[in-house]
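The values are calculated or read from the model by the stated rules, or taken from the named source; none is laboratory data. As the structure is a computational prediction, the values presented were derived from the model and not from experiment. Cβ atoms come from the backbone with ideal geometry, glycine included; neighbour counts cover every protein chain shown.
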Amino acid sequence: MQDATPSLPALFPFAAVAGQPQLRQALLLAAIDPQLGGVLIEGPRGTAKSTAARALAELIEGAPFVTLPLGASLEHLAGTLDLEQAMAGNAVRFAPGLLARAHGGVLYVDEINLLPDALVDVLLDAAASGVNVVERDGISHRHAARFVLVGTMNPEEGQLRPQLLDRLGLCVRLANVVEPAERQAIVRSRLAFDMDPEGFRARFADAQADLAQRLRAARERIAQPGALPWPDAVLADVGERCIAARVDGLRADIVMLRAARALAAWEGASAVEARHVAPVAELVLAHRRHADAGAPPPPLPAPGPSAEKPPGTQREGRPSESATPGDGRSEGDGPADSGGALSTGAADWGALPPEPVGTQAFKPVRPLVPRGGQDSAPKKA
């Protein structure tokens, strides 16, 4: 008798997600060091957010991919305790939730800005600490919950509170593809995958294996105590960037140092250097920069996970492009992530230019007088 269990659909390979250097870089950095606090991806529908997140999980050996639905409860996320068994004197019985299932893998939260704040608090606490604690009526249970958090949102549907936004490690802001030739190349690539998934994946097999091996080596280097120290010059550079952005608190400094350290591990460097800070700075400051801090400096094309293209990462129908940090171009997404409205990228869309207004000299108005003349007193005979 044949097994009736349906096979899982093939995944779009991470190596084939081209045209999104910042997205690729942010996801790889978060996979190297999950304690960064995850990645927030802002952008309209159909910009490869879920495709890239699923593809990242495939690069991590044995990593589960867990999706948090919008209607999930706190117990569904964190797990529950069986109080009756605990009160009877038996061992605490814990029913694991999504945080336990995501341990060692990727936890994907679509439209994270629409989740209740209570769920977001628990989610971010576990992502930052790597531990989930469940307490009920004086009984507690804790378990490891080390995962790569990937949250997506469409800014048109609402924003996260600043306190929650600051706790997400990195932020990538995507935009719609408006160049016709690039749009056609993305669609052609996606259709080629849909028509022959295994053949498409075979063309990127070597590139996928190279990415998985480098990611595994970088994760091992980060885990070594005292590995990849940073000198005072790097600390000073990070501090100056955070002060210029007028960020609140010191979380931005810590996350930027960790991100630079993850980048150094990816490159196989022996220590964190100043050149590792520039490529990750905007990923850390994009959602933390104060509104009055001014525009960020243009990103520098520096080597990193997104800038080093393994062989075979060309798009369908056109050669692979150089990866420039800050480019928000996207690869084709799947049917579940299609559609979307055009984003203009301007906060004052529809504003009219100022026009001169004619003026004239002020002319005082005569005061009102009682009916019958200026002098209301009776005249003498």
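The single condition among (1) of a type outside the set (S, T, N, Q); (2) closer than 29 Å to Asp248 by Cβ; (3) over 15 Å from the mean Cα position of the chain (by Cα) that Val172 does not satisfy is (3). Residues in segment 230-281 that are touching a residue at least 60 places away in the same chain (Cβ under 8 Å) and closer than 28 Å to Gln213 by Cβ: 10 in all.
Applying the selection to segment 141-152, what residues are out of contact with any helix residue (DSSP H, G or I) (no Cβ under 8 Å at 6 or more places or on another chain) and either in a loop (DSSP other than H, G, I, E, B) or free of Cβ contacts under 8 Å to residues at least 12 places away in the same chain (or both)? Correct list: Arg142 only.
Go through segment 118-140 residue by residue and tally those that are assigned to a helix (DSSP H, G or I), among the aliphatic types (A, V, I, L, M) and farther than 12 Å from Pro34 by Cα. Break it down into steps so the answer makes sense when it comes.
Pass one, segment 118-140, residues assigned to a helix (DSSP H, G or I): 118-129.
In the following step, the residues that additionally are among the aliphatic types (A, V, I, L, M) were identified as 118-120, 122-124, 126-128.
Keeping just the survivors that are farther than 12 Å from Pro34 by Cα gives 118-120, 122-123.
Within segment 118-140, residues that are assigned to a helix (DSSP H, G or I), among the aliphatic types (A, V, I, L, M) and farther than 12 Å from Pro34 by Cα number 5.
Checked across segment 187-201, the condition of being among the polar types (S, T, N, Q) and surrounded by fewer than 22 Cβ atoms within 10 Å (Cβ to Cβ) holds for no residue.
Taking segment 108-140 as the range and being more than 27 Å from Ala175 (Cα to Cα), free of Cβ contacts under 8 Å to residues at least 60 places away in the same chain and either among the charged types (D, E, K, R) or touching a helix residue (DSSP H, G or I) at 6+ places or on another chain (Cβ under 7 Å) (or both) as the test, the residues that pass are Ala118, Leu119, Asp121, Val122, Asp125, Ala126, Asn132, Val134, Glu135, Arg136, Asp137, Ile139. For segment 233-260, the candidate set comprises residues that are of a type outside the set (A, V, I, L, M, F, W, C) and either modelled with pLDDT under 95 or in contact with an Asp or Glu (Cβ under 7 Å, 6 or more places away or on another chain) (or both); within that set, the residue that is nearest to Ala15 (Cα to Cα) is Arg258.
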